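Colleague: Below is a structure I'd like to ask you about.
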Amino acid sequence: MSTRGTTKEAILNVSINLFNKYGFDQVTINQICKEINVTKTAFYYHFKSKDELITGFFSFDNMISNDDLLDILSVSDYADQAMKAMEIYVKHSVRLGVEMTKENYRVHLRNQILPLDKSKSSLLGNIIPTLIQRAKDEGQIKNPASAEDLLDSMCNIANGIILNWAIMGGSFDILEETRKRFEILLVVKEK
């Protein structure tokens, strides 16, 4: 990995730790830079602001691990693969916690951008719609809507459930609720 990539990754990792420990509003860019011994110039090379750090944490393509990919590929059912791929975002929110998830939605609301943006993710923009279409072709999804409309609905459902989970202080099983709502939407064929 290049030094540039290493620095960006270090900034992200240290920031998440500091935000979780002290709270987003209490942490300064100076603290982040001091913690990893980089200049403010280096910080601003990678991120314009603390808000951009939040967006980086929740970037869909940045959150996919090898384990996530193996989990998706562990099932042969296309509908299940599509749901598992969408659940990556939900799992990531759980890993980062309620407070970071609230910050993520605050940033997106203030900047009027969607948290799950298909144009910024190959998984959301290309792979999941293809999986949904294949599931429809195989009769695994009974909902007659187009793959694109189903993906848009899945994104809206995921955003709604995650936001509700954050507002409720993480008081329910977000993965179980998300899976249930996806299955209702897709009218998944009984196995």
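The values are calculated or read from the model by the stated rules, or taken from the named source; none is laboratory data. Quantities reported herein were computed from a predicted structural model and do not represent experimental measurements. All Cβ positions, even for glycine, are placed from backbone atoms using ideal geometry, and neighbour counts span all protein chains on display.
Colleague: Tell me yes or no: at least one residue of the stretch 121-141 is outside any helix (DSSP H, G or I) and closer than 30 Å to ASP51 by Cβ.
Modeller: Checked against the condition, which is being outside any helix (DSSP H, G or I) and closer than 30 Å to ASP51 by Cβ, the stretch 121-141 yields at least one hit.
Colleague: Also, I was wondering about something else. Looking only at the stretch 34-49, decide whether some residue is basic (Lys, Arg), assigned by TED's automatic domain parsing to the domain that holds ALA147 and touching a helix residue (DSSP H, G or I) at 6+ places or on another chain (Cβ under 9 Å).
Modeller: No: zero hits.
Colleague: Restricting to the stretch 103-161, count the residues that are within 15 Å of ASP77 (Cβ to Cβ), loosely packed, with under 15 Cβ neighbours inside 10 Å and small (Gly, Ala, Ser).
Modeller: Summing the residues that are within 15 Å of ASP77 (Cβ to Cβ), loosely packed, with under 15 Cβ neighbours inside 10 Å and small (Gly, Ala, Ser) in the stretch 103-161 gives 1.
Colleague: From the list GLN81, GLN133, GLN140, which one is touching a strand residue (DSSP E or B) at 6+ places or on another chain (Cβ under 8 Å) and within 22 Å of LYS180 (Cα to Cα)?
Modeller: Checking each option against the conditions leaves just GLN140.
Colleague: Can you tell me which residue in the stretch 115-150 is farthest from LEU69 (Cα to Cα), limited to those that are modelled with pLDDT of 95 or more and hydrophobic (A, V, I, L, M, F, W, C)?
Modeller: ALA145
Colleague: Among the residues of the stretch 95-119, how many are outside any helix (DSSP H, G or I), under 14 Å from LEU163 (Cβ atoms) and β-branched (Val, Ile, Thr)?
Modeller: Residues in the stretch 95-119 being outside any helix (DSSP H, G or I), under 14 Å from LEU163 (Cβ atoms) and β-branched (Val, Ile, Thr): 0 in total.
Colleague: Filter the stretch 36-70 down to the residues that are outside any loop (DSSP other than H, G, I, E, B), surrounded by fewer than 17 Cβ atoms within 10 Å (Cβ to Cβ), among the charged types (D, E, K, R) and modelled with pLDDT of 90 or more and list them by number.
Modeller: Correct list: LYS40 only.
Colleague: I would also like to ask the following. Any residue at all in the stretch 53-74 that's at positive phi and touching a helix residue (DSSP H, G or I) at 6+ places or on another chain (Cβ under 9 Å)?
Modeller: No - not one qualifying residue is present in the stretch 53-74.
Colleague: While we're on this one: Please work out which one of (1) of a type outside the set (A, V, I, L, M, F, W, C); (2) modelled with pLDDT of 90 or more; (3) part of a helix (DSSP H, G or I) is the condition HIS92 fails and give its number.
Modeller: (2)
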